[in-house]
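The values are calculated or read from the model by the stated rules, or taken from the named source; none is laboratory data. Small disclaimer: the values here were computed from a predicted structure and weren't measured. Note: ideal-geometry Cβ built from the backbone for every residue, glycine included; neighbour counts use all protein chains shown. Keep in mind that these areas ignore ligands, DNA and RNA; they rest on the heavy atoms of the full protein, side chains included. Shrake-Rupley method; radii C 1.70, N 1.55, O 1.52, S 1.80 Å.
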Amino acid sequence: MQQGSLMRKVKSKSWKKQRYFKLQDDCMTIWYQSKRTGKIESAFSISDVETVREGHQSEVLQSLAEEFPPERCFTIVFYGRRGNLDLIAGSAEEAQCWVQGLCQLIEPRSFPLTSALVSRTWIRDWFQKADKNKDGRMNFKEVQRLLKMMNVDMNEDHALWLFQAADKSESGTLEGEEFVLFYKALTQRDEVLSLFQDFSKDGKKLTLLELVDFLRQEQLEDEGTEELAMELIDKYEPSETARARHVLSADGFLMYLCSPEGSIFNPRHRALWQDMSQPLCHYFISSSHNTYLIEDQIRGQSSIEGYIRALKRGCRCLEVDCWDGPNGEPMVYHGHTFTSKIPFREVVSTVGKTSWPSSSRPSWGNSSSPPPLMGASPPSSHLRRGQQVPWRRWAPQGAPTSPSTTLQELKHKILLKGKKIGRLEDTLDGPGDEAPDGSDDDNGAEAEEERRRVKVGGLGWGPAGNKETLAQALSDCVVYCKSVSFRGFQEARSHSRPSEISSLAEAKARKLIRDAGNEFVRHNAWQLTRIYPSGMRTDSSNYSPQEMWNVGCQIVALNFQTAGTEMDLCDGLFSQNGRCGYVLKPPFMRDEETLFNPSDPSSREGPGPITLTIQVISGQQLPKVANSKDGAVIDPLVRVEIHGVPADQARQETKYIENNGFNPRWDETLQFQLHVPELALVRFVVEDYDKTSRNDFVGQFTLAFANIKPGYRHIHLLSKDGTGIPPSSLFVHICITE
């Protein structure tokens, strides 16, 4: 991989240029040059890469599927809005070499200080950014520039003192190990060292028993603590001598605190940890709205990239709006708008390849993830082509549809949500057809579009004289999620079935929450409900999913392409349970006779309120604000938000720290009372304080309260679009009391 490879860089079916790609000796930079001119055209850092996709997992590579086998193709996906890089290697072996190599380089970044190797990689990355003349040395002027890049506004005399202390050769420059010494002095964590010394008798090491005391007293680890202590020493102690003596140094202690075991997110809940044998309606399901759109709702681009991104993010409920295209070819786009169009067959192919993650990614078993749900009604002819998507996934005929149908029974299936005719005595336009309520002022346009979509999109494929035959074939594909209109909770209880589903606009759902909260919770204990955004949200903005989850709505569809608090909450809820896209609802929301009403927390059965106390201690290497001026340093503050039932909604924030985004210290305590902790999400937000205008976003992290680990913990921050921004983090102490 380091010797370089000649590969095709692809931008379209007709644009394929050969480029020579090489990973530099620093293992951080990749550059490529033109085969014709030999000129280096571009370079990017490993830190810019979000993930690597194998095979035909992009629109461009899918269009070349007949020309190049998937084994030779891969896509490099970058953070932010930078376009993907589609590549075709000369052989399958060469492609695997690049894919595996890149994955190994980007894998450890989620917890960048967990090994000396990774730490040195970050040091090298900073050195290269600051070494402007590329001579392999850094003078004091370059060091000052580096400090600004790292969000540090340091007194010049102190910076010069650190520089001279590291300059062991007295050459007036730093190189190699000298820069490592400078970086370590710069990143020394006094607050962690103080904590270490509180439990270390000699202040230099933690013995096995001292580490056990820390784990029990502060981290509240009460099971197998001695075994855990041994594991942590073996895993994070950099000194072989210390490992042999079963002691932990200050460096090893810091590495543990920055690791997954030291994260605020309970590592046991990262894997599948919930009961997956419950009925489908007992789970919250990660769901997207108009999945094919990657921009706005009127003129935005439709792309299979929307499906790939959503599925990779853990989404289990996708939406496919199908309309007649040329020559009877069904197309997917937002009807009656100017959005672009994509062939339905490409959507089918993409979903079939991407729905079940490979064994190397988080999944429910190897190829046994919970079933994705497909919104709308795709053409049955494409669904029945076994060479595109295995028929056993698309048509679960004979699958159980009783109230007790479980996720376990629905494994390997793709469920189709749509209208059903014939077999259940429904007529083409009879009472079983879904017709969303258009009575809400802000949603009339969306309801009207839904009516047209159902009639045209659901039944309009093929020759005019053959519509009913095709519709019957399509109807036969709908087994579990038959779409029905919602005509009130009493009507649903009397006439509906657990295998049916109703769709409600956000305004309609809010009215039901206000007027009949408990009935809504009971309804969702036995039947599926889908909520979708108002038709007025043409900019693809989102509503708050929390109020819908508070009454147990399972399928709360959001615009995944739009970053913000709403998607932070969605990612926060579904980041647990192996990211399978299903989260079990609390017991009091699975009982059809429950008394729970989110507007009255006392109606919840169980223990009383709990108190969540958060000491915000410090921050580490916070990123600069996008598009900030050269030399600008942020004034960070931390806000903690509680999202849950109305009585639990709260937010508190720390003071801001002037001119220090590198290692700010707050040492402030925030306290919250939670009446329904089972539904609470906790969002940590870092902002750059601005006294004259709105604060700028710096980073955030959101998780369900149930996934919080008490004790001294690091919070590894995410960017606005939900991707990691290592090594940025917060250091906090969490206490939970009843």
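Observations on the structure shown:
- Where a label projected 7 Å from the Cα of Ser603 along Cα→Cβ would reach, residues of segment 484-527 with amide N under 12 Å: 513-523
- By the equivalent-ellipsoid construction on the alpha carbon gyration tensor, segment 552-645 comes out with semi-axes of 35, 20, 12 Å, ordered largest to smallest.
- Counting only protein heavy atoms and a 1.4 Å probe, segment 506-574 has 26 square angstrom of accessible area per residue.
- Inter-site label distance for Glu67 and Glu94 at 7 Å from Cα along Cβ, in nm: 1.7 nm
- Since only Leu215, Leu195, Ala242 are under comparison, the one whose Cα sits farthest along the positive direction of the charge dipole of segment 190-262, derived from C-beta charges on Lys, Arg, Asp and Glu, is Ala242.
- Element breakdown for segment 256-346 at a 1.4 angstrom probe: carbon and sulfur atoms account for 50% of the accessible area.
- Dipole check for segment 5-106: with +1 at the C-beta of Lys and Arg, -1 at the C-beta of Asp and Glu, and the Cα centre as origin, the magnitude is about 580 Debye.
- Among the GluC sites (Glu not before Pro) in segment 615-677, those placed in a DSSP loop whose Cβ has at most 14 other Cβ atoms within 10 Å are Glu658.
- With contacts taken as Cα pairs under 8 Å and at least 6 residues apart, segment 5-106 reaches a relative contact order of 25 percent.
- Å² per residue, accessible surface of segment 607-737 at 1.4 Å: 38 Å²
- Segment 607-737: relative contact order as a whole-number percent, Cα under 8 Å and 6+ apart: 33 percent
- Greater than 18 Å apart at Cα, pairs in Lys17/Lys341; Lys353/Lys420; Lys312/Lys353; Lys132/Lys184; Lys353/Lys413; Lys417/Lys508: Lys17/Lys341; Lys353/Lys420; Lys132/Lys184; Lys417/Lys508
- Percent accessible area from carbon and sulfur atoms, segment 616-738, protein chains only, probe 1.4 Å: 44 percent
- Taking only the Cα atoms of segment 190-262, the ratio Rg/Rh comes out at 0.91, with Rh defined as the Kirkwood radius.
- The share of C-alpha pairs in segment 129-197 whose separation exceeds 21 Å stands at 25 percent.
- Among residues other than Phe163 with Cβ under 11 Å from its Cβ, the summed charge is -4 (Lys and Arg +1, Asp and Glu -1).
- Averaged over its residues, segment 183-321 has an accessible area of 42 Å² per residue, based on protein heavy atoms and a 1.4 Å probe.
- Solvent-accessible area, 1.4 Å probe, carbon plus sulfur percent, for segment 5-106: 45 percent
- Inter-label distance for Gln649 and Ala626, nm, one decimal - labels placed 7 Å from Cα along Cα-to-Cβ: 2.7 nm
- For segment 607-737, a crude dipole built from +1 on the beta carbon of Lys and Arg and -1 on the beta carbon of Asp and Glu, taken about the Cα centre, is about 140 debye to the nearest 20.
- On the beta carbon distance between Asp275 and Arg694, with R0 = 41 Å, the FRET formula returns roughly 0.40.
- Stretched out straight at 0.36 nm per residue, the stretch from Thr406 to Gln615 would grow longer than its current Cα-Cα span by 71.1 nm.
- Stretched out straight at 0.36 nm per residue, the stretch from Thr723 to Met149 would grow longer than its current Cα-Cα span by 204.6 nm.
- Rh by Kirkwood over Cα pairs, then Stokes-Einstein D for segment 607-737 at 1.567 mPa s and 4 °C, µm²/s: 86 µm²/s
- For segment 5-106, the ratio of Cα radius of gyration to the globular rule of thumb 2.2 N^0.38 Å stands at 1.00.
- Summarising the label geometry, the points placed 7 Å from Cα in the beta-carbon direction at Gln18 and Trp161 lie 6.0 nm from one another.
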